[in-house]
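A.B. asks: Next up is a structure, given as C-alpha cells.
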Amino acid sequence: GAVVSQHPSWVICKSGTSVKIECRSLDFQATTMFWYRQFPKQSLMLMATSNEGSKATYEQGVEKDKFLINHASLTLSTLTVTSAHPEDSSFYICSALTRTESYNSPLHFGNGTRLTVT
Amino acid sequence: AQKITQTQPGMFVQEKEAVTLDCTYDTSDPSYGLFWYKQPSSGEMIFLIYQGSYDQQNATEGRYSLNFQKARKSANLVISASQLGDSAMYFCAMRPNDYKLSFGAGTTVTVRA
C-alpha cells in the first residue's frame with residue numbers, strides 16, 4: 001500500500017514554456033504533500049508543503065509565482081514550473097502523508113521527475 | 001531550525017563486509033523521527049529504517065541497523081553483509097513535529113566485488 005505515482009518521469013521542454021508535474025496517491029488519501037527539488041549529487045531540498053484545499057506553504061527562497069502548486073483533491077497535487085529556464089533543470093520529487101500519520105511515519109515518495117529545460 | 005549532517009561524501013566497501021554511515025542532527029524539538037533512505041541511480045527514494053526520539057532500543061530492519069545515541073545526537077546507519085545492489089546514495093533525514101522532513105547531504109556508497 002501507500003503508493004505515490006508521479007508523472008511524467010522525465011520531460012524536456014524549451015525555455016519559456018511551462019511544465020506540469022502530477023503527483024497522485026493511488027491507495028490512500030494524501031492530506032499533506034511535499035515537493036522537493038534535487039540537483040545532481042546533492043540533497044533533497046524542500047520547496048513547499050501543500051495541504052488539501054488550501055494554499056501551499058513555500059520554503060524561503062522558493063518563488064511561489066514560478067513554482068505553482070495545487071492540491072485540489074486528496075489524491076492529486078500538481079507542480080507547475082512556469083516560464084521554465086535552463087537553471088530550473090533538476091529532479092523534482094513529491095511525497096505524501098495521510099491525516100493519521102505523524103512525525104514517526106516515513107513519507108511515501110513518488111519516483112520523481114527529471115526536468116531538462118533547453 | 002533543524003540540521004542534519006552527513007560528513008562522508010562517498011564510501012567504498014567490499015562485498016559481504018559491513019559499512020557504517022554517519023549522521024548527526026540538531027533540533028530543539030523533544031519529539032522527532034529519524035529516517036534513512038536509499039536512492040539508487042534511478043532516483044526513487046527507498047525507506048530503509050526509522051528511529052523515534054523516545055525509542056529506547058536501536059532500530060533494526062534486516063541488514064540495516066541504526067546506532068542511535070541521543071545524547072550525542074547521532075543516528076548512524078550500519079549496513080551488514082554488503083551486496084552489490086547496495087551501491088546507492090544514502091540520506092539521513094529527520095522530521096520534528098511540524099512534519100517537514102529534512103535531509104542530510106547524503107553519502108554515496110559503492111560496493112566492490
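The values are calculated or read from the model by the stated rules, or taken from the named source; none is laboratory data. It should be emphasised that the depicted structure is a prediction, and the values quoted were computed from it without experimental measurement. Backbone-built Cβ (ideal geometry, glycine too); neighbour counts: all protein chains shown.
A.B. asks: Which one of these is more than 9 Å from chain A (Cβ to nearest Cβ), surrounded by 14 or more Cβ atoms within 10 Å (Cβ to Cβ) and among the hydrophobic types (A, V, I, L, M, F, W, C): B:66, B:101, B:84? Steps first, please.
C.D. replies: Numbers: B:101 fails: more than 9 Å from chain A (Cβ to nearest Cβ); B:84 fails: surrounded by 14 or more Cβ atoms within 10 Å (Cβ to Cβ).
Only one candidate passes the filter, namely B:66.
A.B. asks: Something else about it: I need the full set of residues from the range B:23-50 which are over 10 Å from the mean Cα position of the chain (by Cα) and either more than 16 Å from residue B:103 (Cα to Cα) or more than 9 Å from chain A (Cβ to nearest Cβ) (or both), in order please.
C.D. replies: Scanning the range B:23-50 gives B:25, B:26, B:27, B:28, B:29, B:30, B:31, B:40, B:41, B:42.
A.B. asks: Within the range A:32-40, does at least one residue satisfy the condition of being assigned to a strand (DSSP E or B), in contact with a Gly (Cβ under 9 Å, 6 or more places away or on another chain) and of a type in the set (A, V, I, L, M, F, W, C)?
C.D. replies: Within the range A:32-40, none of the residues are assigned to a strand (DSSP E or B), in contact with a Gly (Cβ under 9 Å, 6 or more places away or on another chain) and of a type in the set (A, V, I, L, M, F, W, C).
A.B. asks: Checking residue B:54 against (1) over 29 Å from residue A:7 (Cβ atoms); (2) at pLDDT 95 or above, which test does it fail?
C.D. replies: If we test residue B:54 against (1) over 29 Å from residue A:7 (Cβ atoms); (2) at pLDDT 95 or above, just (2) comes out false.
A.B. asks: Among the residues of the range A:20-52, how many are β-branched (Val, Ile, Thr) and over 26 Å from residue B:90 (Cβ atoms)? It would help to see each step written out before you state the result.
C.D. replies: Within the range A:20-52, the subset β-branched (Val, Ile, Thr) is A:21, A:31-32, A:49.
Still in the running and over 26 Å from residue B:90 (Cβ atoms): A:31.
Summing the residues that are β-branched (Val, Ile, Thr) and over 26 Å from residue B:90 (Cβ atoms) in the range A:20-52 gives 1.
A.B. asks: Could you grab me the full set of residues in the range A:9-26 that are under 17 Å from residue A:70 (Cβ atoms) and not acidic (Asp, Glu)? I'd like the intermediate steps shown before the answer.
C.D. replies: Going through the range A:9-26, the residues under 17 Å from residue A:70 (Cβ atoms) turn out to be A:18-25.
Correct list: A:18, A:19, A:20, A:21, A:23, A:24, A:25.
A.B. asks: Look at the range A:60-114 and say how many of its residues are more than 11 Å from every other protein chain (Cβ to nearest Cβ) and polar (S, T, N, Q).
C.D. replies: Qualifying residue count for the region: 12.
Table: residues versus (1) without any contact (Cβ under 8 Å) to a residue 40 or more places away in the chain; (2) over 11 Å from the mean Cα position of the chain (by Cα).
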residue	(1), (2)
A:2	no, yes
A:7	no, no
A:12	no, yes
A:19	no, yes
A:43	yes, yes
A:46	yes, no
A:50	yes, no
A:69	yes, no
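A.B. asks: Determine which single condition residue A:45 fails, assuming it passes every other condition in (1) more than 9 Å from chain B (Cβ to nearest Cβ); (2) within 26 Å of residue B:104 (Cα to Cα); (3) of a type in the set (A, V, I, L, M, F, W, C); (4) surrounded by fewer than 17 Cβ atoms within 10 Å (Cβ to Cβ).
C.D. replies: Unmet for residue A:45, out of (1) more than 9 Å from chain B (Cβ to nearest Cβ); (2) within 26 Å of residue B:104 (Cα to Cα); (3) of a type in the set (A, V, I, L, M, F, W, C); (4) surrounded by fewer than 17 Cβ atoms within 10 Å (Cβ to Cβ): (1).
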